[in-house]
Amino acid sequence: MAQWFAAKAAHPDALVFFRMGDFFELFFADAEDAAGALDIALTYRGEHRGAPIPMCGVPVHAWESYLARLIRQGFRVAICDQTETPEEAKRRKASTIRREVVRVVTPATVTEEGLLDASRPAWLLALAGAEEGLGAAWLEVSTGAFATARLPREELGALLARLEPAEAVVAPDVAEDAELARRLPGRIAARLVPRDAGRTIREAYGVATLDGFGRFAETELAAAALALAYVKETQAGALPRLDPPRPQTASAGVLALDAATRRSLEILRDQRGGTEATLLAAVDRTLTAAGGRELAARLASPLAEAEPIAARHDAVAFLLGDEPTREALRAALKGAPDMARALGRLALDRFAPRDLGALRLGLDLAARIAGALAAAAMPVPPAAAEAAAALRLDPALAAELSRALSERLPARLEDGGIIAAAYDGELDALRRLRDGGREAIAALQLDLAQAWGVASLKIRHHQQFGFLAELPAAPAEKLLRDPPKGIAAEHAPIHRQTMANAVRFTCTALADLDRKVAEAGVRAAARERSCIAHLRRMLLDAGDAIARAAQALAELDVHAAAATLAAEGGWCRPEITERPEFCVGAGRHPVVEAALRRARGPAFVPNDCDLSPGRRLCLLTGPNMAGKSTWLRQNALMVVLAQAGLFVPAASARIGLVDRLFSRVGGGDDIAGGRSTFMVEMAETAAILNGATQRSMVVLDEVGRGTATWDGLAIAWAVLEALHDRIRCRAIFATHFHELTALAGRLPELRLAAMKVREWRGEVVFQHLVGEGAAERSWGVHVARLAGVPRQVLTRAAQVLAALEARARAGGPDALAEELPLFAQAPPRPSAPASPLHAALAELDPDALSPREAQEALYRLKALATNACAPQHDDTVVTAGKPVS
Ligand code: ADP
Ligand code: MG
């Protein structure tokens, strides 16, 4: 157990997989954790300090699938393997086999295909320097991407939302910062920052200075060094191929999307954490895993600068216009392998023959795609031309690889037969020797059968003993009793082993041949390994160029996918401007549209949206289910798609660059996070009011819903004023507070819009059309009628409604709009206490009521109205039980 304790001490935050023969065993708390996580039996063995030792194990032959399950649950696993054979240990006269931790597998440092999600990057995020602003570094072991940034703590949430890191490693001060640590994923690794961070990085890249990589803040260097040291730790000292770290200003050039906005727009994940009803799923027409990852990355961080966005649009427009080139490109991409990840495994010396095969195929396709682009009839725009240039790798590389590798590759390196014939003379000669020996053995079998007079003699190969002649028991006994005479000495039988129903013999000729074949086999295998090592070195020397080519393929895949999508769905190229405008003609919601098409129901109804100067704010009203949320989000999604460099689902779109996009849905609960609905709403609203600029776009869906009517209305009102007067950004505000429409007269840039609804053959028909003006209010009563509420009740309800509306007009928010001081920053007067009837009525949301609730509400209102007619005794307002005068 001493070895186990040593391994555990070196890797306290990992489960130790301790190799014992055909099993990896786990002990103590590790065993308890793993048994629970894997649902396997926990047993006990021996004693430690008087208590039985908990233990469980997984078979070596199936360990990858167990490992995958642990990694997916966020565990780290230290693989403590036998590093010598039992024979070697015996020769050393050691009592135990030597074991060492050969690798630590963690969620962000896996490279195996079976453990990686092909469609998503697995970022490792390193954080250092909690005090003086955070230094962040994030890298992806399997593709080599590496970036750093310095950011204020408030921006960590946005970075986490953008990267969704698989794992975090942090400096001790960050780990001790509960507020930060709480937000990081999984089981955080806390590590000391290497003493000389700059040197750690310089050494990793073999450079004398980091100036060539960009300018780094101290905390960025610390984070980058932390990330490198952690990767090295998990790979038992080896470093994968990594691009040089690129310092980024966390937000520069990128559209800021905070976590709440991503959640509400369902960009990469839907509200329930799934991936199906998302923007990504609706627009993904990529054909390769790397292309899929690139598309996800672009949607997760759209750009905020006109030029690079236009470059992407140019590439999409080119491929949309030039259909033959697009088709040629996509035909080639269809079979394209994941070169970046194959290269990553090669760098870590943890590759399989199929990784070499992937690079062979990838290099071949790269050349073909570069050719297709060169043959294009239309002028190739810069983004595509750059990609084509990156694809033109040294042809000698592809040529050598295709000459070197066998047509069909075996599953494992140990299987041999990876290097093709005629690539290496020495390997060919050794193989001939080995195979020639085999032929000689076949010939010898005939000779021995004749010499020994046993027709059923078979020469077989045994792992332990090599080639032996095997005879059935009866002829073997006769041979032993009465050895054949007059045969060559080298053919004289020598007994080796007696088994239940066969006996094994050899002879000097056979032993000779056996040795020759074995030697040639060993030497051929060694020679093959050295050929493979040569290929590996050759590929790694060209590693940066291959990584660029892989990235170029991914980008072309995304551009061609966007063009395909545009061709399929009639999407248009958005015009990106620097003016604060937003003008979309006949826009659609890509996810809802796709869902409607799948359901073969009614078609999606396109809608315009114009938030140009002079009409920057839009207040949208309409009953439930009329399409408010859909319209709101589709316009926010236009910004995401356009600035990610894709086309948009509209007939026309002119979009002034957005620096920050905010989207909020009222009434969302964060019970798990321990905050009330209203608290969540207000915290999220505060983030907008503090973060939005004149170049931002804000969509607010029923904000203020999470609290009492007057509170909610007051807050919604104040937020609208702030957006209009102070922030002056583009915004759409959907609300059920009809009272807010009273603001239209006061805020010159506010436009009213309403979802059109009509009645047809006694049914409410949602037209899903956005029209000018405010919604009619009577749909709640309408819906009640459709639901079968008795006629008398409805008539009465209509009377009550009319009376209430008249009163509301007299003393309600319309009047309030006149009364309130013009400056929004001034604290609004506390709203006048309403009569119980008013309060009850204002609290009602007719659209949210079930028919039964509507009926009950009516009775309640009627009772209140009757009471209100009785003389009032007292005007005292009661607050928390105490009378206030
Ligand atoms: P609201 O927010 O007003 O309650 P939603 O936006 O949630 O309404 O829309 C309700 C449903 O109406 C959607 O799930 C969708 O099926 C349908 N819908 C919304 N907008 C459209 C549209 N433009 N065309 C067709 N169907 C739509
Ligand atoms: Mg809605």
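The values are calculated or read from the model by the stated rules, or taken from the named source; none is laboratory data. The model shown is predicted, which means the values in this text are computed figures rather than measured ones. Note that each Cβ is placed from the backbone with ideal geometry, even for glycine, and that neighbours are counted across all protein chains shown. Heads up: the accessible areas ignore ligands, DNA and RNA and are worked out on the full protein's heavy atoms, side chains in. Shrake-Rupley method; radii C 1.70, N 1.55, O 1.52, S 1.80 Å.
The C-alpha atoms of the chain define a longest principal axis, and helix 677-691 lies at about 90 degrees to it. The mean accessible area for residues of the chain, using a 1.4 Å probe and ignoring ligands and nucleic acids, is 48 Å² per residue. Binning the C-alpha pair distances of segment 275-346 at 5 Å intervals from 0 yields a P(r) profile of 3, 13, 17, 22, 22, 16, 6, 1 %, listed from the shortest bin outward. Helices in the chain, meaning DSSP H runs of at least 4 residues, each add -39500 (n - 2.57). Divided by all residues, the mean residue ellipticity at 222 nm is -14000 deg cm²/dmol.
Taking the Kirkwood radius as Rh and the Cα radius of gyration as Rg, segment 180-307 has a ratio of Rg/Rh equal to 1.02.
Every Cα-Cα pair in the chain was counted, and those over 47 Å apart are 43% of them.
Could you list, bin by bin from short to long, the percent of Cα-Cα pairs of segment 419-565 in 5 Å steps? All Cα pairs considered, the percentages come to 2, 8, 14, 14, 10, 8, 7, 7, 6, 5, 4, 4, 4, 3, 2, 1, 0. Helix 709-721 and the longest principal axis of the Cα set of the chain meet at an angle near 80°. In the chain, the portion of solvent-accessible area held by carbon and sulfur atoms comes to 54 percent [1.4 Å probe, whole percent, DNA, RNA and ligands not counted]. Using R0 = 45 Å, the C-beta based FRET efficiency linking Arg350 and Ala474 works out to 0.30. Annotation: Cα Rg of segment 607-664 relative to the compact-globule expectation 2.2 N^0.38 Å equals 1.17. Counting other Cβ atoms within 10 Å, which trypsin sites (Lys or Arg not before Pro) in segment 476-543 have at most 14 and lie in a DSSP loop? Hits after loop and neighbour filter: Lys485. For segment 42-108, a Kirkwood radius taken over Cα pairs fed into Stokes-Einstein (4 °C, viscosity 1.567 mPa s) yields D = 90 µm²/s. Nearest-5 percent of antiparallel DSSP beta bridges in segment 58-177? Percent antiparallel among DSSP bridges in segment 58-177 is about 80.
Computed from Cα atoms, the angle from the helix 382-391 axis to the main principal axis of the chain rounds to 10 degrees. Based on C-alpha pairs under 8 angstrom that are at least 6 apart in sequence, segment 237-352 has a relative contact order of 31 percent.
Annotation for segment 301-336: trypsin sites (Lys or Arg not before Pro) lying in DSSP loop with at most 16 further Cβ atoms inside 10 Å of their Cβ are Lys334. Considering only beta bridges that DSSP places wholly inside the chain, some 65 percent are antiparallel. Within segment 231-373, the percentage of alpha carbon pairs spaced more than 25 angstrom apart rounds to 48%.
Restricting the GluC sites (Glu not before Pro) of segment 107-142 to loop positions (DSSP other than H, G, I, E, B) with no more than 13 neighbouring Cβ atoms within 10 Å leaves Glu131, Glu132.
Divide the volume of the convex hull around the Cα atoms of segment 479-526 by the residue count and you get 81 Å³ per residue.
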